[in-house]
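So the structure is just underneath, and the comments pick up after that.
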Amino acid sequence: MKKVAFITGGNRGIGFETAKALGAEGVSLIIGCRDLSKGQGAAKALQEQGFQAESISYDANDKQAPDQVYRHIEKNYGALDILVNNAGMIMEDLIGKNSSTSVDQGILKQTFETNFFAVVALTQKLIPLLMKSTAGRIVNLSSIVGSLGIQSMENSPIEPAKAFAYNASKTALNAFTVHLAHELKDTHIKVNSAHPGWVKTELGGPYAPMEIADSYKTSLRLATLDKHGPTGGFFHEADTLPW
Ligand SMILES: NC(=O)c1ccc[n+]([C@@H]2O[C@H](COP(=O)([O-])OP(=O)(O)OC[C@H]3O[C@@H](n4cnc5c(N)ncnc54)[C@H](OP(=O)(O)O)[C@@H]3O)[C@@H](O)[C@H]2O)c1
């Protein structure tokens, strides 16, 4: 039987590329998109490549979304093998002024709402469906800028990346990865954080060195780990990143 994956924000950028890569592995794709017309276009593009794919409505800011997604997957698939928590956003400049003393409370809250609270709510709701899989995999799209170890090191390679709300939301997401992996350590579910690279998407901007076509690698690896694979880690491709 085909594995089933739910990928949030699967209509473009890293999410769409990850969906394509999972489709090529024979995984049945459900992409969650807040704009259904964009979602339908993306699902059609995936189907045209020969993949089994559909789009469903998923808006991280809609409190009903986790229930709706749960009901759809439960009714149509019965179980979920892979959850890629990919949808994310930034409201500050990724590179530039350190916004710690100035960030607006609204920006801080909205960023955490999408990048952290919504991920926790969706994941909690879908755990029972992942438990029904023989090998549930959860991939949290974090970022190297959420690494406190790398942020605080001398001559840090990410020294100019100090968008406080975004960075802190990814640090919080990493905390979820560690805690959830610990709670689920005696189950077959593996939970990991992914740093895809600095990617030339709308979020990453035009100066990012990585092309979108290469951005799926970390998510694909963590979504398809075998039973010997790690859980509770933070990875960029084959490398382990410090928290
Ligand atoms: N690009 C990078 O360099 C980079 C580096 C490290 C980590 N990441 C992480 O990788 C993930 C994907 O980023 P990306 O670069 O592919 O970004 P992107 O091209 O800007 O795409 C973001 C995706 O998230 C969706 N999204 C945003 N807010 C949403 C909401 N409230 N509800 C549902 N969907 C929402 C967008 O939907 P719409 O199309 O409707 O806007 C879009 O599908 C993010 O979590 C990001 O933080 C990116």
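Exactly one residue out of 53, 45 is closer than 18 Å to residue 13 by Cβ, more than 20 Å from the chain's Cα centre (by Cα) and of a type in the set (A, V, I, L, M), and it is 45.
So, of the residues in segment 1-10 that are assigned to a loop (DSSP other than H, G, I, E, B) and under 13 Å from the mean Cα position of the chain (by Cα), which turns out to be nearest to the ligand (Cβ to nearest atom)?
Residue satisfying both the conditions and the ranking: 9.
Scanning segment 31-40 for residues that are buried (at least 18 other Cβ atoms within 10 Å of the Cβ) and either touching a helix residue (DSSP H, G or I) at 6+ places or on another chain (Cβ under 7 Å) or polar (S, T, N, Q) (or both) yields 31, 32, 33.
Every residue, every condition in (1) within 16 Å of the ligand (Cβ to nearest atom); (2) of a type in the set (A, V, I, L, M); (3) buried (at least 18 other Cβ atoms within 10 Å of the Cβ), yes or no:
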site: 100; (1), (2), (3): no, no, no
site: 103; (1), (2), (3): no, yes, yes
site: 111; (1), (2), (3): yes, no, yes
site: 115; (1), (2), (3): yes, no, yes
site: 153; (1), (2), (3): no, yes, no
site: 162; (1), (2), (3): yes, no, yes
site: 174; (1), (2), (3): yes, no, yes
site: 192; (1), (2), (3): yes, no, yes
site: 196; (1), (2), (3): yes, no, yes
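What is the residue count in segment 216-236 for residues that are assigned to a loop (DSSP other than H, G, I, E, B) and in contact with a Pro (Cβ under 9 Å, 6 or more places away or on another chain)? The number of residues fulfilling the criteria is 1. Residues in segment 1-17 that are within 18 Å of residue 72 (Cβ to Cβ), of a type outside the set (Ser, Thr, Tyr) and crowded, with 24+ Cβ neighbours inside 10 Å: 5, 6, 7, 9, 10, 11, 15. Checking each residue of segment 39-52 against the condition of being under 22 Å from residue 3 (Cα atoms), in a loop (DSSP other than H, G, I, E, B) and within 16 Å of the ligand (Cβ to nearest atom) gives no match. Of the residues 141, 148, 80, the single one that is surrounded by fewer than 23 Cβ atoms within 10 Å (Cβ to Cβ) and touching a helix residue (DSSP H, G or I) at 6+ places or on another chain (Cβ under 8 Å) is 148. Examine segment 18-25 for a residue that is surrounded by fewer than 24 Cβ atoms within 10 Å (Cβ to Cβ), assigned to a helix (DSSP H, G or I) and within 14 Å of the ligand (Cβ to nearest atom), and state whether such a residue exists. Within segment 18-25, one or more residues are surrounded by fewer than 24 Cβ atoms within 10 Å (Cβ to Cβ), assigned to a helix (DSSP H, G or I) and within 14 Å of the ligand (Cβ to nearest atom). Residue pairs whose Cβ atoms lie under 6 Å apart, sitting 6 or more positions apart in sequence or on different chains, and linking a residue in segment 115-132 that is among the charged types (D, E, K, R) to a partner that is modelled with pLDDT of 95 or more, are 125/66; 125/70; 132/79.
If you go through segment 53-71 and pick out every residue that is crowded, with 17+ Cβ neighbours inside 10 Å and either acidic (Asp, Glu) or in contact with an Asp or Glu (Cβ under 9 Å, 6 or more places away or on another chain) (or both), you end up with 3. Residues in segment 155-197 that are in a loop (DSSP other than H, G, I, E, B) and free of Cβ contacts under 8 Å to residues at least 24 places away in the same chain: 155, 156, 157, 158, 159, 186. Would you confirm whether or not segment 198-215 contains a residue that is within 15 Å of the ligand (Cβ to nearest atom), part of a helix (DSSP H, G or I) and of a type outside the set (Gly, Ala, Ser)? So far as segment 198-215 goes, yes, one or more of its residues are within 15 Å of the ligand (Cβ to nearest atom), part of a helix (DSSP H, G or I) and of a type outside the set (Gly, Ala, Ser).
The values are calculated or read from the model by the stated rules, or taken from the named source; none is laboratory data. A quick note: this is a predicted structure, and the numbers were derived from the prediction, not measured. Please note: Cβ atoms are built from the backbone with ideal geometry, for glycine as well, and neighbour counts cover all protein chains shown.
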